[in-house]
1. Among the aspartates and glutamates, select those whose C-alpha is under 16 Å from the C-alpha of LYS147, and discard any that sit fewer than 8 residues away in the same chain.
2. Amide H to amide H under 5 Å from ASP226: which residues, 5+ apart in sequence or cross-chain, H placed 1.01 Å off N in plane?
3. Could you sort SER214, SER104 by accessible area so the largest value comes first, with the probe set to 1.4 Å?
4. How large is the accessible surface of TRP68 in square angstrom, using a 1.4 angstrom probe and rounding to the nearest 10?
5. With just the Cα atoms defining each centre, how far is the stretch 146-165 from the stretch 88-102? Give it in Å.
6. How big, on average over all directions, is the shadow cast by the Cα convex hull of the stretch 209-347, in nm²?
7. Using a Cα-Cα cut-off of under 12 Å, which aspartates and glutamates could be cross-linked to LYS338, ignoring same-chain neighbours fewer than 8 residues away?
8. Applying 1/(1 + (r/R0)^6) with R0 = 56 Å to the Cβ-Cβ distance of GLU267 and LYS101, what FRET efficiency is obtained, to the nearest 0.05?
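The values are calculated or read from the model by the stated rules, or taken from the named source; none is laboratory data. Computed from a predicted structure; not experimentally measured. Here the Cβ is made from the backbone with ideal geometry for all residues, glycine too, and neighbour counts use every protein chain on show. With ligands, DNA and RNA removed, areas are computed over all heavy atoms of the protein, side chains included. Shrake-Rupley method; radii C 1.70, N 1.55, O 1.52, S 1.80 Å.
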Amino acid sequence: MIEFLSAPMDDAVFPLPQLQWLALELLPRAARGYADVAAELVFALLLGLVLRFVILPLLVRASARNDWAIDDIVTARLRDRALPWSILAGVIAAMPDMPWKARSIAAGEKIASAMLALSVTLTLMRIVSEIVGRNQSPSGGGTTLVKYIINSLLLLLGVGAILGLFGVSVFPALTALGVGGLAVALAFQDTLANVFAGVNLSASRQIRLGDFVSIDGSKMEGFVADIGWRTTTLRTLDDLLIYIPNKRLAEAMMTNFSRPDPSMWIEVALRVGLDVDPEAIEAILLDEVRLARAQLPGLRDEPPAPRFRVGEWALEIRLFIPIRNFVDRNPLTTAMVKRVLNRLRREGVTIPVPQRIVTMTSATADTTAASPGSPSPPP
């Protein structure tokens, strides 16, 4: 049952005698006990409106002037929650002044505090999700696994705080879970192995979102699109998605083409005749690479490295050309092969075909003559 206060209102609420008299005359007797509560709620509402429409919009505009994305997300979420949080805080502050029984006041404080704690927890989880989603780019480092871990911790803390308001301790429950932890670990052994392998990959920073990796030196290669709680997603150059278990990825021999420098060298292999001048061929190749830099911006301003080897039927040349990014290696290799072949044809250098010279000695009557001890042939 609600108890109504019949005592006259305190001057702390209405310091002016005129306002106090007006409130006592106009308010019904049953509602006079809620005057303090109404004043506190109105103050909380006004404070929330000022935060929502004045202060936080200024912070949003100020954060938009820099390139840091985290402050934009935080200020935007705080602006959306300022008004309901202010009202809930006002309700919590006004509860002790309610003309109710102590048990009803305590229950109301717990419910309002639980609603505020739940709202703060969900807002923090949304902020983490937006930050991770914003950082899921070649220049960022946020992964789905990081989002899962942080959100799980926030949810655990939020639920623990809410249960603590109602006198429920989470420590005995955690102890009970620890008893059955061994059985759970055995049942989910592969899943836990993938989870911890994903945590290790994310924490060690050996690979990051946007890195181009090759697994075990095979054709399984692509950009790291995401590191989840079970698998790592690779996006190939053909825009196909490859899902690799984190455990297998952690045990594999992996080549990261993006770290520490995405630049690399491409190889153009060709053969010329053994009768050509190696110095002249080298000068032609170096000049062609110099001319190609003006039309192919992916080439670096570094001298190429030709390597010569005498083969069985031709002079084998391996021309190594520095490029800026490994992603352009295939189109740049194709372009340079075309340019080198056309340049050699213009210079009159022919590309030999495989050939082999075989020398045979013909048999004569003298070489096939019989030995002195053998019978002579018939006449």
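1. GLU130, ASP226
2. Amide H neighbours of ASP226, under 5 Å, 5+ apart: THR233.
3. Output order, biggest surface exposure first: SER104, SER214.
4. 150 Å²
5. One Cα centre to the other: 27 Å.
6. Convex hull of Cα atoms, orientation-averaged projection: 10.3 nm².
7. Partners found: GLU288.
8. It comes out at approximately 0.05.
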